[in-house]
Structures are given as structure tokens and as C-alpha cells.
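One structure below.
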Amino acid sequence: MIDYKKSLNKEQLRVVHEGDGACLVLSGPGSGKTRTLVHRTAYLLEKGVPGEKVLLLTFTKKAAKNMLHRVSQIINRDSSEVKGGTFHHVGNTFLRRYASTLGYSERFIIMDEEDSKEMISSILKNKDVKLRAPFVQNVISISKNAKKDASHFTEDHFEQIEDVKEEYEKRKKENNLMDYDDLLLNWLKLLSFDEIKKELSSAFSYILVDEYQDTNALQDEIVKEMSRKHGNVLAVGDESQSIFSFRAADVSNILRFSSNYPQAKIFYLETNYRSTPQILTLANEVIRHNKERFEKELKSIEEGGASPQIKALESPFKQAHFITSKIDELRRSGIPLSEIAVLFRAHYQSAELEIDLAKKGIPYIMRGGVRFFEQAHVKDLAAFLRIIVNFRDETSWMRLLSRMRGVGKIYASRALEEILKRESLDHVCTQKEEISCVVSSRAKEGILFLLSLLQEAKIEASTEKITEIFMSRFYENYLRSFFDNPEERITDLNRFCDLSAKYESIEDVIAEFSLSEDFQAREGGGDAVTLSTVHQAKGLEWDTVFVISLKEGDFPYIKAVEEGSIEEERRLFYVAVTRCKKNLFLTYPVYSFRNSSMPSRFLSEAESEPEEEEIIITEEMDDGEWLCM
């Protein structure tokens with residue numbers, strides 16, 4: 001017999017023993033939600049519920065595998081009879097059984113992301129729609145998961161996207177194909193047939209769902225329909241950690257759980273096993289400003305600890321200097337680099353820090369994405385600058401030529417061969433008609449455009465002026481036409497330009513960024529600092545956490561404020577600070593480049609404000625910057 005009282009606290013024990021019927025478990029960060037789910041599953045099996053009558057739904061295969069492994073360890077026998085996995089995995093198994101009902105063969109093929117992009121690309125070409133396949137694919141996907149049409153997710157082109165979507169769905173059906181989203185959508189369609197719904201809902205006696213705050217409209221409907229008969233649905237989540245609306249996650253699913261299940265019991269897991277009381281006090285006070293939330297308060301099992309510190313630095317460069325110096329100090333005090341994380345709201349906010357870490361020789365990894373200077377759009381702008389500095393940079397030429405309409409790799413190679421016959425960029429630009437004659441008429445137009453752009457830009461002395469020409473004449477429109485997040489990419493390029501203003505020449509800019517790229521290619525293994533957006537950091541924890549760029553416009557992000565999403569921004573801040581176990585630093589630059597330099601509202605929302613270090617200007621640096629201490 002399992003000694004549940006020994007293994008669980010009182011809050012967790014109540015869930016395990018009283019989790020019949022519709023139950024909502026509000027589990028704060030670090031409160032042991034996985035432990036609770038695992039023990040609840042073990043409890044059901046120990047009480048004689050057949051494993052095949054239990055359905056455990058998670059958001060990753062790893063999570064499901066880990067939970068069922070832990071269940072086996074607790075009950076000391078195999079638990080593989082429990083139906084556990086992601087929504088998509090479980091949906092696939094049911095669709096194999098009932099595919100014919102929806103007009104599919106049971107041997108339907110699941111398309112991966114690349115397959116989907118290729119089909120959409122083909123449709124775009126046939127319909128002569130000048131949109132990029134990944135952008136269209138993303139809009140189609142999120143609209144399906146949210147059960148809304150494309151106009152909710154893009155201001156432009158939505159009629160064209162709806163037309164492409166109609167053809168896309170038709171082609172898949174004709175070819176016995178389903179994409180990833182169809183596994184949910186078609187599972188829900190199956191449940192619209194009374195006989196099938198009766199069979200599927202009767203197949204299970206208990207449904208347990210992890211991370212309920214991250215469910216979308218389809219997943220929420222699926223859970224409701226699957227639990228119609230028995231009513232035993234245990235949903236575990238935390239509305240204060242709902243931060244994935246851009247993936248169609250809907251916080252209202254967890255907020256209105258009691259409305260969907262009028263007899264629902266609500267449990268609170270508020271005991272935190274991760275952070276110090278001071279960190280939790282700050283988190284509790286800030287999240288309390290959200291109106292759409294359940295009343296709960298995290299309580300630490302720890303005693304004592306350091307207060308979180310606000311660090312106001314003079315500029316983004318000084319912010320980076322402070323963080324790298326502090327990291328070096330922490331490393332020398334014995335804290336492994338792997339126990340240190342720097343979190344930010346948006347990718348561009350890491351740029352200065354990445355440069356400074358490279359200079360100081362401190363290894364780092366970028367979690368869940370490429371580093372700032374490795375991003376495609378940043379490399380495109382850098383390529384434009386590199387050609388102006390060194391017109392024989394073949395890699396940069398190929399990169400930009402391939403961005404021109406009608407110019408593929410073959411024509412780009414032909415044009416480059418002609419370009420390299422010239423003695424200078426001046427000669428290339430004055431002889432652009434001769435160079436462009438080696439390609440088709442359509443490609444010629446694109447090559448002439450690029451060479452004219454370079455001709456205009458090369459006479460400018462500053463990176464800022466060159467960037468302005470590149471962006472206004474070409475690249476901003478390119479981003480808006482082919483990407484679903486053009487504003488974010490434009491913000492990245494603005495930051496690139498801001499960074500460049502520190503250097504005396506374009507050559508210095510290229511040299512500095514090249515050194516940073518070289519460091520990025522070599523470092524990252526072994527003990528390293530983690531750099532991450534808050535979204536990518538969810539579910540993780542570190543001894544020491546820096547949350548940076550906490551100023552209005554950066555965090556909260558200006559676009560989110562304009563769109564009325566301030567509560568999700570506050571939830572992001574809540575997630576960020578609760579990743580920290582002991583040492584929390586909240587930093588912001590007093591003077592910045594383009595956005596307001598007012599401190600983030602989240603810093604003032606804490607009633608018991610953290611310690612704040614005064615900015616003292618002590619001396620002028622050799623490069624003309626002021627040193628903040």
C-alpha cells in the first residue's frame with residue numbers, strides 16, 4: 001500500500017483522495033502538480049480502476065512518459081495500460097478506428113510541417129497569391145485551433161487566406177492526408193456522431209488533463225464531450241501561467257471551468273517548494289493586479305533569503321555590463337553557470353548581452369531558438385552591410401540575390417559570376433545592366449533593383465542611413481508580405497541599428513558582430529548560462545535569475561499594451577520571477593533607444609518593493625559612455 005500521507009502535503013492529498021467528479025486543481029508554480037497527478041493516477045489504479053479506463057492528457061510526449069514511469073515506480077508494477085499521451089497522439093488512435101466516418105481511409109498519412117508548407121506553397125503559386133507559405137500556414141493553423149476565421153489573426157489578406165485554406169482542406173481530403181491540427185479538429189468531429197461519442201466517452205471512467213490553462217478551443221470541447229457520460233474530469237493548471245495565446249491557448253477555458261461543470265470542486269495547491277518567501281511575496285503582489293484570476297497565494301516552505309533587487313542601469317549596454325559582471329562574480333562564488341538564467345520578453349532584448357558575454361568569454365546557450373545575430377532577418381541586413389564593406393563577399397551576395405523576386409539559386413549564381421568580374425562595387429553598380437543581362441527578364445528586374453539599392457546606400461557613411469534605405473525601400477515590405485510576425489522582426493532590426501550607432505564605422509560594426517557570431521558557433525557546451533524568452537523558460541527553474549529590460553514598451557511589450565493584453569503580460573512577468581529559487585535581479589535601462597524609458601509598471605505594482613540600487617555616475621569611460629554602479 002502506498003503511504004500517501006507521507007508522500008504528499010495536505011493540499012495534494014485532498015486532490016488524490018477527493019478527485020472524483022469534475023475537479024479543477026489550481027496549481028501555482030513549484031507546488032508539485034506533476035507529483036499530484038502521478039499520485040492521483042496511482043491511487044485510481046490501487047483502488048481497482050482498470051488502467052485502460054484512465055485517460056491522461058498532456059502537452060508533450062516526454063511529460064506523459066515521465067508521469068507513467070513514475071506511476072509504475074509508485075505502484076511497483078507496469079502502468080502501460082493507462083492511455084497517456086498528448087491530445088494529438090490520442091486523437092490519432094481514435095481517428096484510425098473511425099476514419100471512414102469522416103471519409104478517410106484508416107491508413108491516412110499525417111503530414112509534417114514541411115509537407116504542409118509545400119502543399120500550401122503549391123496552392124499559393126497556382127492561385128498567384130503573393131504570400132509566403134509559412135505565414136499562411138500559421139494563420140490557417142491558429143484559426144483552426146481557435147475555431148475562428150482568418151480575419152481574427154491578420155488584418156490583411158484574410159480573404160485570400162480563407163480561399164487558400166478551402167483548397168488546402170480539399171486537397172488533403174482527396175489525398176487521404178491530415179495535418180497536425182486535423183488530429184484535433186477531426187477528433188472533435190467524430191464526437192458529433194452520437195454513437196461514436198457514446199463509445200468513446202464510455203471507454204474511460206476518468207480523464208486527467210495537465211496544463212489546462214494552455215488548452216485551445218478544440219481541446220476544451222474535446223474534454224467536455226469525452227467526459228459527458230462519467231463526469232470524472234480532473235483539470236490541473238494555473239490561470240496565472242497562461243502565456244500562450246499566440247498559439248491559440250485560451251485562458252477562459254480554465255476561468256470558466258465551473259460554468260462548464262456546475263458541480264465542479266476546486267482545489268488549491270499553494271505551497272511552493274522552489275522559491276524564497278521574498279520572491280513569492282513579489283509574485284503574489286504583482287499578479288493580484290489581474291482581474292481575470294482565482295484568488296490564491298503562493299506560500300514558501302523556505303525561511304529567510306535575499307530580497308529581489310531592482311537594478312536601474314543607465315543604458316542597455318550598462319545593463320549588459322552589470323549582468324555579465326554579476327554572472328562572473330556568482331561563478332567565482334561557486335554557483336554553476338547552469339544555475340543562472342537571463343530572461344527577457346522579446347528576442348531583441350538579448351543583443352547587447354550576447355555581445356558582452358562573448359567579450360567576457362562567458363559561455364551561454366539560447367534556449368528554444370537561434371541567437372540574436374543568427375536570425376535570418378538580422379543576417380539579411382548584415383549581408384547588405386557586408387557587401388558595402390567588401391563587395392567580394394560571395395555568401396552575402398547569394399543571400400540577398402535569392403531574396404529578390406524571380407531570382408533563384410541558378411540565376412543568383414550567374415549574376416554573382418558577373419559581379420565578381422568587376423573591380424569594385426562602384427563598377428558593379430554602374431554596369432548593372434550588363435550584369436543583369438545573364439538572367440531571365442523576371443530575374444533581371446530583381447537584380448537591377450538590388451544593385452540600385454546598393455548604389456544608393458554605398459554613398460552613405462552611417463549604418464543608420466544605410467539601414468533606413470534597406471528597410472524603407474525594400475525589406476520592411478518584404479517582411480510584411482512574407483512573415484506572420486513582421487513587427488517583431490522590424491524591432492530586431494531597429495535594435496541592430498541602435499547597436500551599430502555605438503561604433504565609428506561600418507567596418508567596426510561588421511567586425512564586432514562577426515566576433516560575436518564566431519563565439520556563438522564555438523561556445524554553448526558544458527556549463528553555460530541560459531538565455532531565454534520567458535515563454536521558453538516556462539516549467540524550468542534556476543538558482544539565480546535576471547529578468548531584464550523591465551521598462552514600458554519592452555516588458556510589458558508595447559504591442560500587447562496597445563492590443564489590451566496587459567493581463568497576459570503580467571502573467572509573463574509572474575512566470576519569469578517564479579523561475580527563480582534564490583537570487584532574483586530585475587533590471588532596466590534608464591535611457592534607451594526608441595521606446596519609453598519609464599520603468600515597467602510591474603515594478604511599482606509590488607507593495608513591498610524590492611531593494612533598488614541608486615544610479616551613480618562616477619566616471620566617463622574611454623569610449624564616451626558613462627559608468628553606472
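The values are calculated or read from the model by the stated rules, or taken from the named source; none is laboratory data. Note that this is a predicted model, so its numbers are computed, not measured. Using ideal geometry, Cβ is built from the backbone for each residue, glycine included, and neighbour counts are taken over all protein chains shown. What goes into the accessible areas is simple: the full protein's heavy atoms, side chains included, and nothing from ligands, DNA or RNA. Shrake-Rupley method; radii C 1.70, N 1.55, O 1.52, S 1.80 Å.
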Per-residue ellipticity at 222 nm for the chain, helices alone: DSSP H runs ≥ 4 residues times -39500 (n - 2.57), over residue total, nearest 500 deg cm²/dmol?
-14500 deg cm²/dmol
Net charge around ARG392, counting only other residues with Cβ within less than 15 Å of its Cβ (Lys, Arg = +1; Asp, Glu = -1)?
-2
Those residues of segment 390-413 whose amide nitrogen sits under 11 Å from the label point placed on GLU507, 7 Å along Cα→Cβ
390
Pairs of Lys in segment 241-329 closer than 22 Å at Cα, counting only those 8 or more apart or on different chains
6
FRET efficiency for VAL438 and GLU562, Cβ-Cβ distance as r, R0 = 51 Å, nearest 0.05?
0.60
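Taking each pair of distinct Cα atoms in segment 299-377 once, what is the resulting Kirkwood hydrodynamic radius in Å? Provide the component values of the computation, followed by the final result.
Values: mean 1/r = 0.0697 Å⁻¹.
Here the Kirkwood hydrodynamic radius works out to 14.3 Å.
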Quick check: at a probe of 1.4 Å, how many percent of the accessible area of segment 1-126 sits on carbon and sulfur atoms?
48
Only sites in a loop by DSSP and with at most 12 other Cβ atoms within 10 Å count here; which trypsin sites (Lys or Arg not before Pro) in segment 168-270 make the cut?
ARG256
Taking the simple approach of a point 7 Å from Cα along Cα-to-Cβ for both SER325 and ASP20, what is their distance in nm?
6.4
Counting alpha carbon pairs within less than 8 Å and at least 6 residues apart, what relative contact order, in whole percent, applies to the chain?
17
Could you work out the longest stretch of the chain that avoids the GluC sites (Glu not before Pro) located in DSSP loops with at most 12 other Cβ atoms within 10 Å?
156-294
Tell me, what is the FRET efficiency for LYS127 and SER338 to the nearest 0.05, using R0 = 56 angstrom and their Cβ-Cβ distance as r?
0.65
In terms of modelled amide H atoms, which long-range or inter-chain residues lie less than 5 Å from the amide H of ASN272?
LYS299, SER300, ILE301
Counting only residues 5 or more apart in sequence or on a different chain, those whose built amide H sits under 5 Å from that of GLY553 are ILE558
Please work out the Cα center distance from segment 89-150 to segment 359-374, rounded to the nearest Å.
34
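With the convex hull built on the Cα atoms of the chain, state its orientation-averaged projected area in nm².
Dividing the Cα hull surface by four gives the mean projection, 30.9 nm².
Of the beta bridges DSSP finds with both residues in the chain, what % are antiparallel, to the nearest 5?
Of all bridge pairs located within the chain, approximately 10 percent are antiparallel.
Roughly speaking, what is the stretch gain from GLU270 to SER252, that is 0.36 nm per residue apart minus the C-alpha to C-alpha distance, in nm to one decimal?
On the way: separation 18, 0.36 × 18 = 6.48 nm, distance 2.10 nm.
Between GLU270 and SER252, full extension yields an extra 4.4 nm.
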Approximate spin-label separation LEU416-LYS117, in nm, with each point projected 7 Å along Cα-to-Cβ
2.0
Normalised contact order of segment 99-178, rounded percent, pairs of Cα under 8 Å and 6 or more residues apart:
38
Beyond 19 Å (Cα-Cα) in this structure, taken from LYS144/LYS538; LYS165/LYS409; LYS170/LYS198; LYS148/LYS229; LYS198/LYS229, we find LYS144/LYS538; LYS165/LYS409; LYS170/LYS198; LYS148/LYS229
On a C-alpha basis, how far is the centre of segment 469-483 from the centre of segment 1-77 in Å? Whole number, if you could?
51
For segment 117-225, just the Cα atoms, rotate onto the principal axes and tell me the three extents in Å, largest first.
51, 31, 19
Run the simple label-point estimate for ASN494 and MET1 please: 7 Å along Cα→C-beta, distance reported in nm.
6.5
